[in-house]
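The values are calculated or read from the model by the stated rules, or taken from the named source; none is laboratory data. All of these numbers come straight from a predicted model, not from anything done at the bench. With ideal geometry, Cβ positions are generated from the backbone for all residues, glycine too; neighbour counts draw on all protein chains shown.
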Amino acid sequence: MPFSSLRKLIEQWPVIRQIRQRDATALGETSFSQRSWDLQPRIKDVDRVAQSVCPYCAVGCGQRIYVKDEKIINIEGDDDSPISLGRLCPKGAATFQLVTGSHRVKSVLYRRPGGTEWETLPLNEALEMVAQRVKTARDENWQTVDSKGHRVNRTLALAHLGGATLDNEENYLIKKLFTGLGVIQVENQARI
């Protein structure tokens, strides 16, 4: 290797720059490499930012969802949230991995009535099956009037029990959905 090339290589070494610029802590520019200079925030060129609520508990910490080309590229705390002021617990901070991770479940296991084996179904197909079964149970068990002739417009064939991971907004929408379906047995165990 020619001496000029070797000298150029040595001068690029951060320790040499640190000595030359008398930077004892190496916290400034002497510690930077070309890669450091080229780094850009991953949210620099996003298409839009959506506000959301963390899905993990009933606290309802605010989140900002950064979207580029209709794909989530980052999730972080929302500084404008009066609840969390931009902060997230470790579970909330890991929401990005929850929605983008390769381990995310995209299918369900289903065992047909009377069956002995599980089969794998795509998530959308399973959701359609649930929707059809809810509609069938509602339609087959609809009650317009009770035994005393009072108009009730309800079904007792369905019920809903929510959990502590649902926030107020989700519980509000669930209550609206089930009330609209005529379900009167709607409960939540979050207060326990």
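Does Asn188 meet the test of being under 25 Å from the mean Cα position of the chain (by Cα) and surrounded by 13 or more Cβ atoms within 10 Å (Cβ to Cβ)? So that I can check it myself, show each step before the final result.
Values: under 25 Å from the mean Cα position of the chain (by Cα): yes; surrounded by 13 or more Cβ atoms within 10 Å (Cβ to Cβ): yes.
In short, yes.
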- Message: Just to confirm my filter: which strands (runs of 3 or more DSSP E) fall fully inside region 86-192 and include at least 3 residues that are among the basic types (Lys, Arg) and either outside the structural domain of Pro55 (by TED's automatic domain parsing) or modelled with pLDDT of 95 or more (or both)?
- Response: none
- Item | Selection count, region 36-73, where residues are of a type in the set (A, V, I, L, M, F, W, C) and either closer than 18 Å to Tyr172 by Cα or in contact (Cβ under 8 Å) with a residue 24 or more places away in the chain (or both) | 10
- Item | Pairs where the first residue, in region 1-18, is on the phi < 0 side of the Ramachandran plot and at pLDDT 75 or above and the second is of a type in the set (S, T, N, Q) and part of a helix (DSSP H, G or I), C-beta under 6 Å, 6+ apart | Arg17/Thr30; Gln18/Thr30
- Message: Looking only at region 21-42, filter to residues that are in a helix (DSSP H, G or I) and not polar (S, T, N, Q); which one of those is surrounded by the most Cβ atoms within 10 Å (Cβ to Cβ)?
- Response: Glu29
- Query: Lys8 is checked against (1) among the basic types (Lys, Arg); (2) farther than 30 Å from Glu169 by Cβ; (3) surrounded by 14 or more Cβ atoms within 10 Å (Cβ to Cβ) and fails just one. What number does that condition carry?
  - Reply: (3)
